[in-house]
Amino acid sequence: MTLVQLEYIVALDTYGSFVLAAENSFVTQPTLSMQVQKLEENLGVQLFDRSRQPVVPTEIGKLVVAQARTVLAEAARIKELISEAQGELSGELKIGVIPTVAPYLLPKVLTDFGDKYPKLKLQIWEYTTEQIIQELKKGQLDCGILSTPIEDESLHEIPLYYETFVAYLSKSSSLLSQKTVASDDLDPNQLWLLNEGHCMRNQILNICAKKSKGDNNKAFDYNTGSIETLKRMVDLNKGMTILPELSLSELSNKHLDRVRYFSAPEPVREISLVTHRNFLKRSAIAALKKEILAHIPKKLLQQQDKQVMSISN
């Protein structure tokens, strides 16, 4: 049994295809297939069901692949120890970020982080929560920045800040006469929402308690993954939307007049740095955490008189 063989079975589990696993391992398909078969013969078990497409691990194969990921992580940790001893951060850090966080957090962080750690290359993808979770489990991402709690035993959550939700109202909204709004004031039929797959959509529906108040008076439904688009829909149409507090920095003063905070307890989402349980690049992730916290308003760092919203339906 070799580390290379373990890398090949992990790749095969990740991509579900001998062709793709070989391409991403930079070897020929026959080479990868032969090494996987040799490992199976050495262990005396069949690790993968080749009759299915995509290729999937057998029951014992799932256990072996999981252990292989742990072994490879520990082996990679040796290089990290050397890098840490030399006092520098280098290599790559692959980060997944949900779209409702990325545009309001990352521009404030990336420039300073890059100046401090020029030898560390950041690779960033905007993914939904479910995509980030899957990529973390497959080892395709080193960490994710997303709304928690996720309650997955294979993942490790490091809370960063607590971001209040606010209501953004149209110019004709009757709620403009109020200093604050309550969840009972929100009519789901009048809300412009992110499309399915975004955890923030579920959180907003939880704020509304999913109660309908009469007919839907919107002329159409608009499916989008962009908070900025939701703002525009409110500006040009009736209704309202819900925004995360960090997005308010993008609003002009005249648009800020149409923002209303919620009465206590304020609905809030917990934003965390999430890694796999056996995560690598600990120093780089710790540095990223420090940089994020340095750019977050202090009032968002503590959960006070706020109600963390669930991301589930």
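If you check L120, L169, which single one turns out to be crowded, with 16+ Cβ neighbours inside 10 Å and farther than 30 Å from Q190 by Cβ? Even if it seems obvious, please write down each step before you answer.
Numbers: L169 fails: farther than 30 Å from Q190 by Cβ.
The unique qualifying residue is L120.
Please determine, by comparing only the residues of the range 85-99 that are over 25 Å from K137 (Cα atoms) and not aliphatic (A, V, I, L, M), which one is surrounded by the fewest Cβ atoms within 10 Å (Cβ to Cβ). Spell out how you get there, then give the answer.
Kept after step one, since they are over 25 Å from K137 (Cα atoms), are these residues of the range 85-99: 85-88.
So of that shortlist, the ones also not aliphatic (A, V, I, L, M) come out as 86-88.
On the way: Q86: 9, G87: 7, E88: 13.
Within the range 85-99, the match that is surrounded by the fewest Cβ atoms within 10 Å (Cβ to Cβ) is G87.
Exactly one of (1) in the same structural domain as T180 (by TED's automatic domain parsing); (2) closer than 30 Å to G114 by Cα; (3) in a helix (DSSP H, G or I) is unmet by M233. Its number?
M233 satisfies every listed condition except (2).
Find the residue count for the range 227-261, including only residues that are in contact with a Phe, Trp or Tyr (Cβ under 6 Å, 6 or more places away or on another chain) and without any contact (Cβ under 8 Å) to a residue 24 or more places away in the chain.
0
Tell me which residues, restricted to the range 182-198, are at pLDDT 85 or above, assigned to a helix (DSSP H, G or I) and not hydroxyl-bearing (S, T, Y).
D184, D185
Would you please name the residue that is nearest to I132 (Cα to Cα), looking only at residues in the range 67-109 that are in contact with a strand residue (DSSP E or B) (Cβ under 9 Å, 6 or more places away or on another chain) and free of Cβ contacts under 8 Å to residues at least 24 places away in the same chain?
L106
Out of (1) assigned to a strand (DSSP E or B); (2) crowded, with 16+ Cβ neighbours inside 10 Å; (3) of a type in the set (F, W, Y); (4) not assigned by TED's automatic domain parsing to the domain that holds L248, what's the single condition that is false for W125?
(2)
Just to check your reading of the model, which residue among Q203, Q178 is within 15 Å of Q307 (Cβ to Cβ) and of a type in the set (S, T, N, Q)? Steps first, please.
Numbers: Q178 fails: within 15 Å of Q307 (Cβ to Cβ).
Residue meeting the stated conditions: Q203.
Within the range 3-52, how many residues are surrounded by fewer than 19 Cβ atoms within 10 Å (Cβ to Cβ), touching a residue at least 24 places away in the same chain (Cβ under 8 Å) and outside any helix (DSSP H, G or I)?
2
Count, please, the residues in the range 274-306 that happen to be charged (D, E, K, R) and outside any helix (DSSP H, G or I). Spell out how you get there, then give the answer.
Taking the range 274-306 as the starting set, the residues that turn out to be charged (D, E, K, R) are 277, 281-282, 289-291, 298-299, 305-306.
Okay, now just the ones that are also outside any helix (DSSP H, G or I), so 277, 281, 305-306.
Qualifying residue count for the region: 4.
Might you check whether a residue that is farther than 22 Å from T275 by Cα and either buried (at least 20 other Cβ atoms within 10 Å of the Cβ) or among the basic types (K, R) (or both) occurs anywhere in the range 62-81?
Applying the first criterion (farther than 22 Å from T275 by Cα) to the range 62-81 yields none.
No, the range 62-81 has no match at all.
From L141, L93, L106, grab the single residue that is assigned to a strand (DSSP E or B) and within 28 Å of L300 (Cα to Cα).
Working: L141 fails: assigned to a strand (DSSP E or B); L106 fails: assigned to a strand (DSSP E or B).
The unique qualifying residue is L93.
Would you check which residues across the range 130-149 are under 17 Å from P99 (Cβ atoms) and either touching a Lys or Arg at 6+ places or on another chain (Cβ under 7 Å) or surrounded by fewer than 22 Cβ atoms within 10 Å (Cβ to Cβ) (or both) and list them?
E130, Q131, I133, Q134, E135, L141, S147
Being of a type in the set (K, R), at pLDDT below 85, closer than 20 Å to S263 by Cα and surrounded by fewer than 20 Cβ atoms within 10 Å (Cβ to Cβ), is that true of even one residue in the range 203-218?
yes
The values are calculated or read from the model by the stated rules, or taken from the named source; none is laboratory data. This is a predicted model, so every value here is computed, not measured. Ideal geometry is used to build each Cβ from the backbone, glycine not excepted, and the neighbour counts take in all protein chains shown.
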